[in-house]
Each structure stands twice: as structure tokens, then as C-alpha cells.
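A.B. asks: Here it is, the structure in full.
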Amino acid sequence: MTTTSTPRRSRLHRKEHRAALAFVAAPVIGFLIFVGYPLVFSVFTSFTKWNGLGEPIPNGIDNFIEMAGDRYFWQSLGNTVYYMIGIPIGLVLSLLLALALNRKMRGTTFFRTVYYVPVVSSLAAVAILWQWAYNGDFGLVNQVLAIFGIEGPNWLQNAATAKPAIIIMAVWKGLGYSMLLYLAALQSVPGHLYEAASLDGAGAWAKFRHITVPMLSPVTFFLVVTNIIGGAQIFIEINIMTPTGGPEFSTASIVWYIWQKAFNYLQMGYATAMALVLGVLVFIVTAIQFRLNRRFQFAID
Amino acid sequence: MSHTLSSQAPAALGTVVDEETGKRLLPRRRRSRGTLGAQRLPRSYRITNVILTIVLSIGGVAMIAPLLWTFSTSLKTREAVFALPPQWIPHPVVWENYIRVWSAAPLASGILNSVIVSASVTILGTVASMLAAFAFAKLRLPFKNVLFLVLLAAIMIPFPTIMIPQFSMFAAAGMVDTLWPLILPGIFGNIVMVFFIRQYLATVPDSIIEAAKIDGAGYLRIFFTLIFPVIRPAIAAQFILWFMAVWNDYLGPIIYLNSPEKQTLQLVIASLNMTYASQTDYPLIMAGSFIALIPVLVVFAIFQKQIIESVALTGAKG
């Protein structure tokens, strides 16, 4: 029996391996050509002087030395970090929204849709309309402020208000997404946890603090990680709303600066080096978060 | 395309979709809403609801107002834009901007290009993704989990980090200023989609497939007769999300496309904005932007339930 079935099974297995290999081939080939190879190439190019047309000329760590002394590099990196102030603001607001929409109340489905509309809207169109809304004299924002007797600034032309203006827009755009994830998580918190806490005499705040927040922590972790990775790559808003990098370079993000250097000044070697640094930074920050998260969950257990 | 891939990508990071909670999500809500009328809620609860409804309404206005303002501006004359006090309802209402905008910018070719890119990427890419997901979930292949993890980890790589070498690849192939650099990377599949379909397939018992294998059915036939009907809802939801992401993409197109008639819709409206802002022709810009918003808003209105459910599923880990 075994002598006949073993060859048959291995032949079947081989056939299955071939089919499986064929099915996974497309993403693997796509990864090798469009991610793997460019990644290796970008490590190599980082150590060269290259205008994108001719051959890259090796120049050691010159690009990284230049970067260390490049005021614009540091400023655009600083701006990018500054934009991340919007992340905790957005998370708190979306959690409050989700808590409200999780109640037994009429109109929750309607509100859920309304708050989600900016998420699906194209960012390019949204950036254009917010640019217009931030117009100092005739924009929507200042007209609303005028109702309350506040004279608003010319938001995007002012180094002090340009970054907050972009943060407000980004929070507006992303609120619905985080809200939806929190809402889904809230609905999956088992009701008996709250019932047990009530029996123990826990108040609403205690229940929120000791049941809701810990139960939502996986979603919070997920949102923080994805928002930081996405926030590190902020570009479209900057490119459309402040095409020149803003007053006194105050809005330029790191990706905007990389793009500018690579495709307007054709300093491809230097731009690749900066892009590599960005990639490494994103990786480090993400790795740290995963480590912290593990310890944090450990603490809860 | 790998750009969309990396911008969508985070969705899969560290997420394990809990099928059970995901499924329970909506029925539970529906049930609770059913009891709303019958069950008398405490008075303080109802008062809080009233206050919250008012607060949520104000917030809702803030969410929608910029979009309405866009529409309102697009119906104004150039002079009416600068009227003080501002006109919330345009007077006179002029539809002319919606005619002018088609000749002011290559809007029609922009829409066509966006349709070509989004449709080819998502249709071909979905076929590639679902077959890969099937193999990763149900077929035997040495090291398949290692392979899958490598692909999944790759979505952490920011697109800007690889965009310059990618650009030089396509430049060497003579594909700059064509739609190919936007289409080619996408048709090999989207690892986020693979992830979700693979997750979804975990609920399909292996025994069905084993039985079909013993019967000697081909793997493609197994996929299309047994697997595809089961995962169709998951595919539909992921397909819509991916389509909208490609449709809204901007960094990829801005790198590769130069000539106006080659640009996708997002680039067309961005350059319309650049050109006409200096002439303060805001109604024209707003008409263009509003036209660019309409397709996604229509798709959202139609597939609202699927979109919201699948996004909710993304974070459902409990």
C-alpha cells in the first residue's frame, strides 16, 4: 500500500506546488521588479552623484555630509514632524465621535456617512478647495470666523498659520476613517464586561478608562502606526496648496523637498539619499512602536 | 501601482481580521436599532442624545460645508466671488463655468486617462491578487508563509524611497509621459488585497478543496467553481477601495506625466488650479474640482454599505 501511494502523493504534491507557484508568481515578480530592485538601486545611488541622465558617479558619503548641513533638509523634516501634531488631535476627536455614534440614537447611520464623505473625496480636489477656503479675503474659513467677529489671517501666506492650516485640513480629511475603525471596535467590546463593572459599582468614567480604552488599544496602535507612516509621506496637500514650499519654506515636507530636488533640480543622487534616510526613519519609528506595543500589552496582561 | 500600494498598505499592518467580530458588526447594530422604539430609554440618556445630535449636526455641517462651498462658488460669476457680504447662494446662478471648463483644461482626456489607469490596474491586479491569495491560503508550497511575510513587510517601504530608481527604470524603457508606469506596477497585484482575501479564505474549510483535489479537478477550476463564489463579497469591497485609491493617486502621475493630454484627472485639475488662480477665475477652478469629485462621490453613494463594512473590517481586531 505505502509503496504505491507515496509516489502518487508526491506527484500530486509536485503538481500542487507548481500550481501554487504559478499563482503567487505575479505578486512576487511585481515585488522583485518594482520594489526589490529599486530598493537595492536606491541604496547604491545614495552614494553617487547622479543627474538621472548619465551614469551615476560614486562620491562616497558626500550626499549624507551635504544633508547634515542642508538647512532645507532639516527644516522640511521638522515640518513633517510638526504635521504629526494632527495625529493625536484626530484620534481624540474620532474616538469622541465614535463614542457618540455608538449610542442608541437616531441618525447615527446618517452622521457616519456625512463624516466619511471627506475620506473618499480625492485629495487633489480637496486640497484645491481648501486652498480657496483659506483665502484671506474671500475664503470660507475667514467668512465663518467673521460671523463671530474674528478677523482671520491670510492662512497659507503666513509662516505662522500655514502649517496649522494644513493640519486642520488633514484632520478634517482623515476623521471619518479613524471614526469608522473605532466604531467597529466599540461594537465588538463584549457587553458583559460593562455589566460586570456596573455590578462592582464602577462609574461611567471608570468603565471608559478601564474597559473601553484598553479594548480599543489594538485599533489605536494600528491607527498611530499607519498615520505616522502616511504622515511621513505627506506631499499632495503641500504641492497643491503651497506650490513653492510656503512662506519662508514653512510648509515644505520632506517628500516635497525630495521631489523638488529629484525632478526639478535633477539632483537624483542627493534626492535618493534623502529618500533612503526617510525610509530608514520610517522603519525605525515603526519598529520602536511594535516593541513598545508588545511591552504595553504585556503590562495589561 | 506600488505607490497606491504603499499608501493603502498600512491597512494590513499588524491587523488580524477577526471574522467573527467582523460578521457580527452589522447585524448587532440592526438589532439594537430595532429595539429603539420599543424600549424606553432613561430620561437623562435621551437628553444627552439631543445634545449630541446638535453637536454632531454642527460637526456634520463643518464636514460638508467646504464641498457645498465649492459647488456654490462654481455657479457664481467671477465678480460674485468677491461680493461682500459673501453670497452663500449664488446670485445670479451661472452654469456656464461647467461648459467653459471643458475647453479651459483637457478634462475629457483626463477622465479617460484616469479610467484607463484605474480600470486596467484594478481589474488585472484583482485577478492576480485573488489567485495569489488562494495559493497562500489553501495550496501547499514550501516557504509560502515566509514569502507572504516578506511581501507584507515590503508595504512598509515608503513609495518616495523607491520612486527615483523606479522612474529611471521607466525612463530607460522610454515610458515616461505614457500611462505605462502607472499601470504596470499595479497589474501584478496588491498585497493588501491578497492579505484580506487570504484572511477571508481562512473560513473556508480545507476539506472541500481536498475533496476536489482527490477528484482530480484542476486548480484553476477549483478556484473558479469553489473559491471565487465564496470570496466574491470580499473581492468586491477591496476592488472598490483600490479603484478609488488609484483614481485619487497624485504622486505617481505627477512624476511621470508631462504633456497635458496625457495627464490623469487629478493632475488636470491641479494644473487648472495653477493656471487660473492667478487670473482669480475661482468659479472655473471650482467647477473643475467639483467634476473631479463627482465620480468618487457617486461610487461612494452606490457602494456605501460595502465600503463602510470593509473599512470597518480592516480594524476589527478584538
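None of the figures in this text is laboratory data; all of them are computed from the coordinates on show. Computed from a prediction, not measured in an experiment: that's the story for all the values here. Don't worry about glycine lacking a Cβ; one is built from the backbone with ideal geometry, like all the others, and counts go over all protein chains shown.
A.B. asks: Going by the alpha-carbon gyration tensor, a ≥ b ≥ c the square roots of its eigenvalues, is chain B rounded (a/c under 1.5) or, if a/c is not under 1.5, prolate (a/b greater than b/c) versus oblate?
C.D. replies: oblate
A.B. asks: Decide, for the stretch A:2-65, between rounded, prolate and oblate: order the square roots of the alpha carbon gyration tensor eigenvalues as a ≥ b ≥ c, take rounded if a/c falls under 1.5, and otherwise choose prolate if a/b is larger than b/c, else oblate.
C.D. replies: prolate
A.B. asks: Here is a further query. Build a GNM of chain B with springs between Cα atoms under 10 Å: which of B:Gly59, B:Gly125, B:Gly189 gets the top mean-square fluctuation?
C.D. replies: B:Gly59
A.B. asks: Let me ask another. In nm, to one decimal, how far is the A:Asp62 label point from the B:Ala236 one, both placed 7 Å along Cα→Cβ?
C.D. replies: According to this spin-label approximation, the distance is 5.9 nm.
A.B. asks: Return the FRET efficiency for the residue pair A:Met215, B:Thr280: r is the Cβ-Cβ distance, R0 is 41 Å, and the value is rounded to the nearest 0.05.
C.D. replies: Efficiency for this residue pair is about 0.20.
A.B. asks: On to the next question. So what J values fall out for the stretch A:202-209 if you push phi through Karplus, 6.51 cos²θ - 1.76 cosθ + 1.60 with θ = phi - 60°, rounded to Hz, Gly and Pro as x?
C.D. replies: In residue order, the calculated couplings are 6, x, 4, 5, 4, 5, 4, 5 Hz.
A.B. asks: Which loop chymotrypsin sites (Phe, Trp or Tyr not before Pro) in the stretch B:137-186, with loop taken from DSSP, have no more than 16 other Cβ atoms within 10 angstrom of their Cβ?
C.D. replies: Qualifying residues, ordered by number: B:Phe143.
A.B. asks: Based on alpha-carbon centroids, what's the gap between the stretch A:220-252 and the stretch A:71-133 in Å, whole number please?
C.D. replies: Each part reduced to its Cα centre gives a spacing of 13 Å.
A.B. asks: Next question, about the same structure. Tell me, what ³J(HN,Hα) does each residue in the stretch A:56-61 have, in order and in whole Hz, if you take phi through Karplus 6.51 cos²θ - 1.76 cosθ + 1.60 with θ = phi - 60° and put x for Gly and Pro?
C.D. replies: Going residue by residue, I get x, 9, x, 9, x, 9 Hz, with x marking Gly and Pro.
A.B. asks: Right, next: Based on DSSP H runs of at least 4 residues, each adding -39500 (n - 2.57), what is the mean residue ellipticity at 222 nm of the protein assembly as shown after dividing by all its residues, to the nearest 500 deg cm²/dmol? Write out the running numbers ahead of the final one.
C.D. replies: Details: 30 runs with 440 residues, N = 619.
Computed mean residue ellipticity for the protein assembly as shown: -23000 deg cm²/dmol.
A.B. asks: Additional query: What spacing in nm lies between the two simple spin-label points modelled at B:Ser207 and A:Leu53, each 7 Å away from Cα in the Cβ direction?
C.D. replies: Label-label distance for B:Ser207 and A:Leu53, simple model: 6.9 nm.
A.B. asks: Shifting gears a bit: Whole-Hz ³J(HN,Hα) for each residue in the stretch A:130-146, computed from phi via Karplus 6.51 cos²θ - 1.76 cosθ + 1.60 with θ = phi - 60°, x for glycine and proline: what do you get?
C.D. replies: With the stated coefficients, the stretch A:130-146 comes to 6, 4, 5, 5, 8, 3, x, 9, 10, x, 4, 4, 5, 5, 5, 4, 4 Hz.
A.B. asks: Could you tell me whether chain A comes out rounded, prolate or oblate from its Cα gyration tensor? Rule is a ≥ b ≥ c as square roots of the eigenvalues, rounded for a/c under 1.5, then prolate if a/b exceeds b/c, otherwise oblate.
C.D. replies: Because a/c hits 1.5 or more and a/b fails to exceed b/c, chain A counts as oblate.
A.B. asks: Distance in nm between label sites at A:Arg291 and B:Asp177, each 7 Å beyond Cα in the beta-carbon direction?
C.D. replies: Output for this residue pair reads 4.9 nm.
A.B. asks: List every residue whose amide H lies under 5 Å from the amide H of A:Thr48, counting only residues 5 or more places away in sequence or on a different chain, with H placed 1.01 Å from N in the peptide plane.
C.D. replies: Distant-sequence amide H within range of A:Thr48: A:Asn59.
A.B. asks: Something else about it: Using a 10 angstrom cutoff on alpha carbons, build the Gaussian network for chain A and name the most mobile of A:Gly149, A:Gly52, A:Gly245.
C.D. replies: Highest fluctuation among the options: A:Gly149.
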